[in-house]
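The values are calculated or read from the model by the stated rules, or taken from the named source; none is laboratory data. Small disclaimer: the values here were computed from a predicted structure and weren't measured. Neighbour counts are summed over all protein chains in view; Cβ atoms, including those assigned to glycine, are modelled from backbone coordinates with ideal geometry.
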Amino acid sequence: MNLNPKELTDYANTFIKVLVDYSPKLISAFIILFAGLYIIRLINRFIRRLMVKRDLEPTLTKFLADILLWVLRVILFVSFISKLGIETSSFVAILGAMGLAVGLSLQGSLSNFAGGMLIILFKPFKVGNTIEAQGVTGTVCEIQIFVTKLITFNNQTIFIPNGSLSNGNIINYSLQNTRRADLTISISYDTDIRKAKDIITSVLNSNPKILQTPAAQVSIKGLTDSGIQLAVRPWATNEDFWDVYSDTLENCKQAFDAAGICFQPFVKESTTKTSTAVDPKQQN
């Protein structure tokens, strides 16, 4: 296509006229954009500092600050394109449809997200606590938005989805400062119960890691076919719990050996019975 100089001049004049007419909107739109980004950054810093001063959970602080940041950015972007003269109603409708589609496709993730928010807000446990949930026991290493990270006693890393974690039973072993060990020691019916209880009580009193208050208990738990079950319940701090658990069993065994008392092992009765059927015809 060949253009003569007059047509080129007309196109140039038209472009310059449109540019001059549109330049105020363009300049004001970019001023709003850059000023808005700067203000959003200031607001985000202020909100983070405010939540840190209020001693909010670090995970919750980061999450709320990020959500606020992106909400303000979306509002700024809509204002920017609106200032340029672009119709925003259709754009907002598209964003809504996209949000609905993403929400339907990520139902499981949204459930974990809601569970993470509940855990962060209501704090059934925190980082450093030892908990038992969903069939596993470990120390909470990190509380994320979608999963909670646990480190087990054998140094395995387990990620539990927050959705199932928030809807299930949670045992927090670190919420209280002290913890009771529930031990069972079996003795035979020939053993003097009073003597066995005195030996166990002496073992408990000689362990400095066992708390005096609440006092440890030694009582009869049950009378079974295999022997007498004694319930031994010493108290200890969370830090000394497993030492007390192990030391109590070991020291009771040594004390019983010295006194000539044997632990009564649990004997499981056989449920299989053999029978011999005799043919009536063979009896004759």
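Side notes on the structure shown:
- Cβ pairs under 8 Å, 6+ apart, first in the range 190-205 and touching a residue at least 60 places away in the same chain (Cβ under 8 Å), second in a helix (DSSP H, G or I): Lys195/Ala259; Ala196/Phe256; Ile199/Cys252; Ile199/Ala255; Ile199/Phe256; Ile199/Ala259
- Filter pass, Gly227 being at pLDDT below 95, over 16 Å from Gln254 (Cα atoms) and surrounded by 19 or more Cβ atoms within 10 Å (Cβ to Cβ): yes
- Within the range 220-268, being under 40 Å from the mean Cα position of the chain (by Cα) and of a type in the set (S, T, N, Q) holds for Gln229, Thr237, Asn238, Ser246, Thr248, Asn251.
- Within the option set Ser219, Ser206, being out of contact with any strand residue (DSSP E or B) (no Cβ under 7 Å at 6 or more places or on another chain) and modelled with pLDDT of 90 or more holds for one residue only, Ser206.
- Filter result (out of contact with any Leu (no Cβ under 7 Å at 6 or more places or on another chain) and among the aromatic types (Phe, Trp, Tyr)) within the range 72-86: Phe77
- Restricting attention to the range 142-185 and to residues that are among the aliphatic types (A, V, I, L, M) and touching a helix residue (DSSP H, G or I) at 6+ places or on another chain (Cβ under 7 Å), the residue that is surrounded by the most Cβ atoms within 10 Å (Cβ to Cβ) turns out to be Leu165.
- Applying the condition of being among the charged types (D, E, K, R) and surrounded by fewer than 11 Cβ atoms within 10 Å (Cβ to Cβ) to the range 251-272 and asking which residue is modelled with the highest pLDDT yields Lys268.
- Selected residue [under 22 Å from Phe77 (Cβ atoms), at pLDDT below 85 and exposed (fewer than 12 other Cβ atoms within 10 Å of the Cβ)] from Ile27, Ile16: Ile27
- Residue in the range 50-63 that is at pLDDT 85 or above and not assigned by TED's automatic domain parsing to the domain that holds Gly128 present: yes
- Strands (runs of 3 or more DSSP E) wholly inside the range 155-214 that include at least 2 residues being in contact with a Gly (Cβ under 9 Å, 6 or more places away or on another chain): 157-161, 183-187
- Taking the numbered list (1) over 10 Å from the mean Cα position of the chain (by Cα); (2) surrounded by fewer than 19 Cβ atoms within 10 Å (Cβ to Cβ); (3) modelled with pLDDT of 85 or more in turn, Phe113 passes all entries but (3).
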